[in-house]
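Below you'll find the structure, written out as structure tokens, and then a few comments.
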Amino acid sequence: MTWLLRLLESLGAVAIYLFAIVRSLFTGPRYLAETLRVADILVRRCLLPVGLAVAPVGAVIALQGVHIFRSFGAEELLSSLLATAVFREYSPALASVMVAAQAGSSIAARIGTMQVRGQIDALAVMSVDPIRYVVVPGLIACAIVTPLLNVLTTILGLASGWFFAVVLSGCDHGSFMANLYSQVSMVDLWVGMGKCLIFGTAVGLIAGYLGLRTSGGAAGVGRAANNTVTYTIVLILVVDYLVSMLLLSWGL
């Protein structure tokens, strides 16, 4: 029975947290300056790691794919595979994973530190809603920054794929560019951006929740940051698979 009571307690805490988030999103006051400040920090923190994580993916697809397609005489289809894979899968997933690793851990550690130092309680004493002032700006920043980073990583993935296919492997530039978008539609673009919006929101929600529930001093802050990265990456990978399977079953 103890585990059942703990489960019910956790579900109740999550429900209360989500209700407070929704209420804060649709009612004032709104701390726009704090949101922009957090978004600026996230962009500067995540820009380089996200670019370095996704750019080699296009190169790997090109290097592995060119030999396979060339052996079947279908080398011109390489760019179509590259574009579809980068737009729909690799860029959204890897960009979101890196945001979880960089931004999620940072937000959880910041909120956790405020919690163990009593600053969250101090905000409540001063009639400042901690969720509205501390959690919501990070949530909105993650939801905005992740799709923007996805745009950058998509460009880097396609550029690295072109470089390794055309420059290093000798593929025809004209054929590569002509077929690059032959299998890509607006659905692929919106699917990738939609995934990033969902994943970025999830990062902000999980980081804020674990940060607010931090206890145990510095060790607790470390656990909150580590758990944020673990939970969000697992969630991203599972949801990405389920969404992709669902869209393919619908023919999208």
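The values are calculated or read from the model by the stated rules, or taken from the named source; none is laboratory data. Note that the structure is predicted; figures quoted are calculated from it, not measured. Every residue, glycine among them, receives a Cβ derived from its backbone with ideal geometry; neighbour counts consider all protein chains shown.
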- [ ] Read through the list (1) buried (at least 22 other Cβ atoms within 10 Å of the Cβ); (2) within 21 Å of the chain's Cα centre (by Cα); (3) more than 21 Å from Val43 (Cβ to Cβ), then give the number of the only condition that Pro92 fails.
- [x] (3)
TODO: State whether the residues of region 183-200 include one that is closer than 16 Å to Val135 by Cβ and either touching a residue at least 60 places away in the same chain (Cβ under 8 Å) or surrounded by 17 or more Cβ atoms within 10 Å (Cβ to Cβ) (or both).
DONE: yes
TODO: Filter region 202-237 for residues that are within 26 Å of Val86 (Cβ to Cβ), surrounded by fewer than 16 Cβ atoms within 10 Å (Cβ to Cβ) and either in contact with a helix residue (DSSP H, G or I) (Cβ under 6 Å, 6 or more places away or on another chain) or at pLDDT below 85 (or both) and give the result.
DONE: Leu237
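Which is part of a helix (DSSP H, G or I) and modelled with pLDDT under 75, of Leu36, Leu25, Leu48, Leu4?
Leu4
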TODO: Tell me the helices (runs of 4 or more DSSP H) entirely within region 112-189 that contain at least 1 residues that are over 29 Å from the mean Cα position of the chain (by Cα).
DONE: 119-125, 173-178
- [ ] Just give me the residues in region 37-51 being touching a helix residue (DSSP H, G or I) at 6+ places or on another chain (Cβ under 8 Å), over 13 Å from Tyr133 (Cβ atoms) and among the hydrophobic types (A, V, I, L, M, F, W, C), in sequence order.
- [x] Ala39, Ile41, Leu42, Val43, Cys46, Leu47, Val50
Open item on the list: Take the conditions closer than 29 Å to Leu18 by Cα and crowded, with 24+ Cβ neighbours inside 10 Å and apply them to Ser106. Does it pass?
Closed with: no
